[in-house]
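Novice: Before anything else, here's the structure in question.
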Amino acid sequence: MTEDKRSGSVYDRRSPLELDGAAMRALVDLAMARIIEHIDTLERQPAAVETGGAELARSLVESLPQTGTPPAELMELLFERVIPVSYNTASAGYLAYIPGGGLLHSAVADLIANAVNRYVGVWIAAPGLVQLEANVVRWFCQIVGYPEDAGGVLTTGGSLANLFALITARRVRLPADFLAGTIYTSADTHHSIQRAAVLAGFPPANVRDIPVDDARRIDVRATARQIEQDRHDGLLPFCLVGNAGTTNTGAIDDLDGLASLAAEFALWFHVDAAYGGFFALTERGRARMAGLARADSMSLDPHKGLFLPYGTGSLLVRDPETLWQAHSVFAHYMPAMQEDHEFVDFTQISPELSRDFRGLRAWLPIKMHGIDVFRDQLDEKLDLTEWAHQRLREISDVEIVAPPQLSVVAFRLRRPGWDATRLNALNREFMRRINARGNVYLTGTMLGPDFALRICVLSFRTHRDRMETCLSDIEQAAGTLVGPA
Ligand SMILES: Cc1ncc(COP(=O)(O)O)c(C=O)c1O
């Protein structure tokens, strides 16, 4: 550092990073104009752009910038060149994987949260904001039917919720030497459970993939037999994972049966409700997921069923003490933590210390609209999926592989006498032709040896008009594949 700088010629000046009011407004206005144009034209944008990615990515590689670029140029780069080459996950036609949509309200919440940049890891640092996030967790607990004193934390998504759940179950139920612990789940369970088990320190073979029945629900009796066998072999069965909506087909396990089994063998019962959990808001969803509230823990993703932008999941537990038991540690440099159970220090019940104030992303839209609007949206998605199911049944050569249990329906073209390899190739081509029209974007999965196409309806922007287009595109694509392929 030179004498000159220390005496003030540089350091007395306001840093260019400290935007004044006019500069802040100009930046936000610039971004907002682009955002509005983008969202207003979603209807006409393709549901996915899958070409040109490698060229685009290579063209964007650059070394560390030494000087600034005008924001208008940066917005142009983002909105004209970078964003368009992507799956259009915000569009009505995105019926792939598990959609969500991305409520703009949450983007505004993020702007506020990041601009005030308060710290919500410990209660004392921002008691009011921590309470708003605690309210969100409490509302989620209410939605799934958990008791008043249940609790939980917001995560960045279902994968981390599943990881935190398995670590909590391990810490609460197993001795320090836990390698004999075994986990039970269906062969259709999301791969994040397998990964969570491995990251939690278990050998992959300790995860038992129990077969599924015709409706792709875990075979409860086979689960019981496997648990008994493992006990007999000196292993330590400790955790049972059920599904409230698998990613493959939206299958809902017999949660009541699994809860009873878990109670019988004193296992921790975790439910992966990342996709399906918010359907508990609807009468149909609640009835189909009976037993959900008997889980010791569950993952529930607002960036799926509440249409929030990516990056918001949650882990709910019947007994918040278990999260505390699993995560709580002491450090001299930290502020005093809550003894009072009325309040919560999120860092004491999760692995994170510094993190974003993600609660506001759910709080703002729920407070602005009330929960009934979300319930109606989810009811509409159940109706649309059932409607698509009925229409698919009317298309000749199409067979339903998995009727909807929630908002996923799986189907394929049938060709009697064809072997699996040829039939799978035909169905991949079928999907390619549907997607090539650009109106909708579907993805597929393997159900045993069979490739199946899926429609997953979950975006708040998807309504009957887009579903009609979807079915019409499916019918036309099926028509182009008539006869030997
Ligand atoms: C059933 C289920 N569980 C877990 C996950 C993982 O969630 P995330 O992508 O938020 O990590 C998903 C993602 O689609 C899912 O569908």
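Read-outs: derived from the displayed coordinates by stated rules, not from any lab. As the structure is a prediction and not an experimental result, all values here were calculated from the model. Heads up, the Cβs are rebuilt from the backbone with ideal geometry, glycines too, and the neighbour counts pull from every protein chain shown.
Novice: Take 105, 369, 389, 303 and order them by how many other Cβ atoms sit within 10 Å, fewest up front. Write out the running numbers ahead of the final one.
Specialist: On the way: 105 21, 369 13, 389 18, 303 26.
Result, fewest neighbours first: 369, 389, 105, 303.
Novice: Label 7 Å along Cα→Cβ of residue 17; region 112-152 residues with amide nitrogen under 15 Å?
Specialist: What the label zone holds, given the 15 Å backbone N cut-off, is 115, 117.
Novice: For residue 271, enumerate residues with amide H under 5 Å from its amide H, sequence gap 5+ or separate chain, H modeled in the peptide plane.
Specialist: Residues meeting the criterion, in which the H sits 1.01 Å from N, are 242, 297, 298, 299.
Novice: Can you list the DSSP H helices in the chain whose Cα atoms extend at least 20 Å along the helix axis and whose mean Kyte-Doolittle hydropathy is 0.5 or higher?
Specialist: Details: long enough: 21-40 (28 Å, 0.75); 127-144 (26 Å, 0.81); 158-173 (22 Å, 0.59); 371-393 (34 Å, -0.94); 420-436 (24 Å, -0.62); 464-480 (24 Å, -0.75).
Those that clear 20 Å and a mean of 0.5 are 21-40, 127-144, 158-173.
Novice: Which whole number of Å³ per residue matches the convex hull of the alpha-carbon atoms in the chain? Please list the in-between numbers first.
Specialist: On the way: hull volume 92.9 nm³, N = 485.
Each residue corresponds to 192 Å³ of Cα convex hull volume.
Novice: So, counting K/R as plus one and D/E as minus one, what does the shell of residues with Cβ under 14 Å around residue 188 add up to?
Specialist: Working: positive: 208, 216, 217, 454; negative: 209, 213, 214, 219, 253, 254, 272, 450.
Charge balance in the 14 Å sphere: -4.
Novice: What does the charge dipole of region 351-413 about its Cα centre add up to, to the nearest 20 debye, if the Cβ of each Lys and Arg holds +1 and the Cβ of each Asp and Glu holds -1?
Specialist: On the way: 9 positive and 11 negative charges, 67 e Å.
It works out to roughly 320 debye.
Novice: Let me ask something additional. Return a whole-number percent for the relative contact order of the chain, with Cα pairs under 8 Å and 6 or more residues apart as the contact set. Numbers along the way, then the final one.
Specialist: Details: 843 pairs, mean separation 96.8, N = 485.
Reported as a whole number, the value is 20 percent.
Novice: Along the positive direction of the dipole of the chain (beta-carbon charges: Lys, Arg +1; Asp, Glu -1; about the Cα centre), which of 463, 158, 314 reaches farthest?
Specialist: The residue sitting most towards the positive pole is 463.
Novice: Suppose only helical runs count, i.e. DSSP H with n ≥ 4. What mean residue ellipticity at 222 nm does that imply for the chain under -39500 (n - 2.57) per run, divided by all residues and rounded to the nearest 500 deg cm²/dmol? Provide the component values of the computation, followed by the final result.
Specialist: Details: 17 runs with 203 residues, N = 485.
About -13000 deg cm²/dmol.
Novice: Here is a follow-up. Testing the spin-label approximation: label points 7 Å from Cα along Cα→Cβ at residue 25 and residue 397. State their distance in nm.
Specialist: According to this spin-label approximation, the distance is 6.1 nm.
Novice: Further question: If the chain between residue 263 and residue 481 were fully stretched, how many nm would it gain, using 0.36 nm times the residue separation less the Cα-Cα distance?
Specialist: On the way: separation 218, 0.36 × 218 = 78.48 nm, distance 5.14 nm.
Taking 0.36 nm per residue and subtracting the Cα distance, the gain is 73.3 nm.
Novice: Can you give the local net charge around residue 56? Use residues other than it whose beta-carbon is closer than 15 angstrom to its beta-carbon, Lys and Arg +1, Asp and Glu -1. Before the final figure, lay out each step's value.
Specialist: Values: positive: 58, 81; negative: 50, 55, 62, 76, 80.
In short, -3.
Novice: Please rank 299, 328, fewest neighbouring Cβ atoms within 10 Å first, as an exposure proxy. Could the numbers behind the result be given before it?
Specialist: Values: 299 33, 328 13.
Sorted ascending by nearby Cβ count, the order is 328, 299.
Novice: May I pose another question? Quick query: amide H of residue 236 versus all other amide H atoms, modeled in the peptide plane; which residues come in under 5 Å with a sequence gap of 5 or more or a different chain?
Specialist: Here 181, 182 satisfy the definition.
Novice: Still on this structure: How far apart, in nm, are two points set 7 Å out from the Cα along the Cα-to-Cβ line at residue 390 and at residue 124?
Specialist: Those two pseudo-labels are separated by 6.1 nm.
Novice: How big is the charge dipole of the chain about its Cα centre, in debye rounded to the nearest 20, if each Lys and Arg gets +1 on its Cβ and each Asp and Glu gets -1 on its Cβ? Write down the numbers at each step before the final one.
Specialist: Numbers: 47 positive and 60 negative charges, 142 e Å.
Dipole about the Cα centre, nearest 20: 680 debye.
Novice: Among 473, 233, which comes first, then next, by fewest other beta-carbon atoms within 10 Å?
Specialist: Numbers: 473 20, 233 9.
Least crowded to most crowded, the residues run 233, 473.
Novice: On to the next question. Want the number for residue 178 to residue 310: 0.36 nm per residue separation, take away the alpha-carbon distance, what's left? Present the calculation step by step, with values, prior to reporting the outcome.
Specialist: Details: separation 132, 0.36 × 132 = 47.52 nm, distance 3.36 nm.
Net length gain for the segment: 44.2 nm.
Novice: Now, a different point. Using just the alpha carbons, could you tell me how many Å³ per residue the convex hull of region 112-184 encloses? Working shown, then result.
Specialist: On the way: hull volume 11.1 nm³, N = 73.
About 152 Å³ per residue, rounded to a whole number.
Novice: Contour minus end-to-end for residue 86 and residue 333, with contour as 0.36 nm per residue of separation and end-to-end as the Cα-Cα distance? Kindly include the intermediate steps, with their values, before the conclusion.
Specialist: On the way: separation 247, 0.36 × 247 = 88.92 nm, distance 4.44 nm.
That pair, residue 86 and residue 333, stretches by 84.5 nm at full extension.
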